[in-house]
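**Student:** Could you have a look at this structure, given as structure tokens, before my questions?
The values are calculated or read from the model by the stated rules, or taken from the named source; none is laboratory data. Predicted model, so just to flag it, every value in this text is computed and none were measured. Cβ placement follows ideal geometry from the backbone for every residue including glycine, while neighbour counts extend to all protein chains displayed.
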Amino acid sequence: MTMKRLRILLSITLLLMVIPLTGAFFVKKEPDMEDLVLLQLMTEANPDYEEEALCAQAVLIRTNLVAQSKATGITKEKVAELLRYDSTGSKMKRFQNAVHSTKGWILKVDGKVRSLPYHRCSCGTTRAAQEIQSEKAAYLKSTACPDDVLTEGFLQIKEFPEGKKVKVLRRFKSGYVETVKVRGKMTGLMSGEAFRKKFDLPSSCFYIRKSKGRTYVITKGIGHGFGLSQSMADTLAKQGKEWKEIIRYFFKNTKLSNISQNEE
């Protein structure tokens, strides 16, 4: 994300954290939880998503903030330096509505609050928890996301650096790469996720192809592939699903709870 865009997005928080009084603005002491949820939602979600999809992600963001038991480092001193932003636009209102409509709602796993993952779009199916941990997590199963293939940027091609050779050794059932072998000045094995991060790939669901002496990496999906697919969430919302149904589509054996209300 460019610094300019980040400044614009963060500056919205400044307007949300001030109170108009006789034409002046007075910053609140510190941003509260809902301010932080809004800030992160604006940073990570597409404003053109259906509102129910935005609501679902707002709940996950709030859940993660509670699970981490810490703020994102946005304080009054930082936001006071940001540029002012027109908060009357329709896209801004969509973000605000999503946060307001889900105020206080979080997701619990076995009565505990855990950080829950989400990503831009899967390779066509999300990944099960055992692909990154030994035990099976009942709340994180592989889920079909057939419409993710229609997402812009789903399929990408990148030329692999000269002097390096790569071979996929193992894949998970989801299609994501488990282990890859890289040869160059140094030869070694890497996990699919480590390979993705090292070579700045959008996904660890990738395939190696050679053409005219060059090596290309073809990727499917955007992000790590675990948890909620933002693209599929938007599709479900378009089909008439409410945010609670969308969350339950991706996270099994979980329970919605409100910080100030009774559990549901």
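**Student:** With respect to the numbered conditions (1) modelled with pLDDT under 95; (2) closer than 21 Å to Leu256 by Cβ; (3) more than 15 Å from the chain's Cα centre (by Cα), which one is the sole condition not fulfilled by Thr143?
**Tutor:** Exception for Thr143: condition (1).
**Student:** Would you pick out the residues in segment 146-167 that are surrounded by fewer than 16 Cβ atoms within 10 Å (Cβ to Cβ) and farther than 26 Å from Asp234 by Cα?
**Tutor:** Result: Lys158, Glu159, Pro161, Glu162, Gly163, Lys164, Lys165, Lys167.
**Student:** While we're looking at this one, here's another question. May I ask you to verify whether Leu6 is crowded, with 19+ Cβ neighbours inside 10 Å and at pLDDT below 90?
**Tutor:** no
**Student:** For segment 205-248, name all the residues that are crowded, with 19+ Cβ neighbours inside 10 Å and among the hydroxyl-bearing types (Ser, Thr, Tyr).
**Tutor:** Those that are crowded, with 19+ Cβ neighbours inside 10 Å and among the hydroxyl-bearing types (Ser, Thr, Tyr): Thr219, Ser229, Ser231, Thr235.
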